[in-house]
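Take a look at the structure below.
The values are calculated or read from the model by the stated rules, or taken from the named source; none is laboratory data. As the structure is a computational prediction, the values presented were derived from the model and not from experiment. Every residue, glycine as well, gets a Cβ built from its backbone with ideal geometry; the counts of neighbours run over all protein chains shown. The protein model used for the area step is the full one, side chains on, heavy atoms only, and it has no ligands, DNA or RNA in it. Shrake-Rupley method; radii C 1.70, N 1.55, O 1.52, S 1.80 Å.
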Amino acid sequence: MVAGVTAVLSPQLYAFYQSGNLKGFLGGMAGGAEYEKLLNEVGRGTKGMNVQSALHVLIVLLVLLANAGHFALWLKGEKVR
């Protein structure tokens, strides 16, 4: 038996994979994208990984911007809650 699951369930399946109950599994969108690459196809997994990567970069930039704003207020001596 093989399985394709969301990334949240992947850690729970490693025990079944190591014991041999599962012959293999695709963990999350990354697993789907890797499988598509293996088949030389561009599908929803590959496209989804592009979007997910871009959103992760955006989140990091927003966190950096918020920290810079917080630091600027701290330098001005304003009380930050």
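Some notes on this structure:
- Heavy-atom accessible surface of the chain: percent carbon and sulfur, 1.4 Å: 65 percent
- Taking the chain as a Gaussian network of alpha-carbon nodes connected by springs under 10 Å, the highest mean-square fluctuation of the residues Lys37, Lys47, Lys23 belongs to Lys23.
- For Leu26, residues with placed amide H under 5 Å, excluding near neighbours: Ala3, Gly4, Val5
- The chain, relative contact order [Cα under 8 Å, separation at least 6], %: 20 percent
- Using only alpha carbons, the chain has a radius of gyration to Kirkwood radius ratio (Rg to Rh) of 1.29.
- Estimated FRET transfer efficiency when R0 is 35 angstrom, pair Lys47-Ala72 (beta carbons, to 0.05): 0.40
- Heavy-atom accessible area per residue - the chain, 1.4 Å, Å²: 84 Å²
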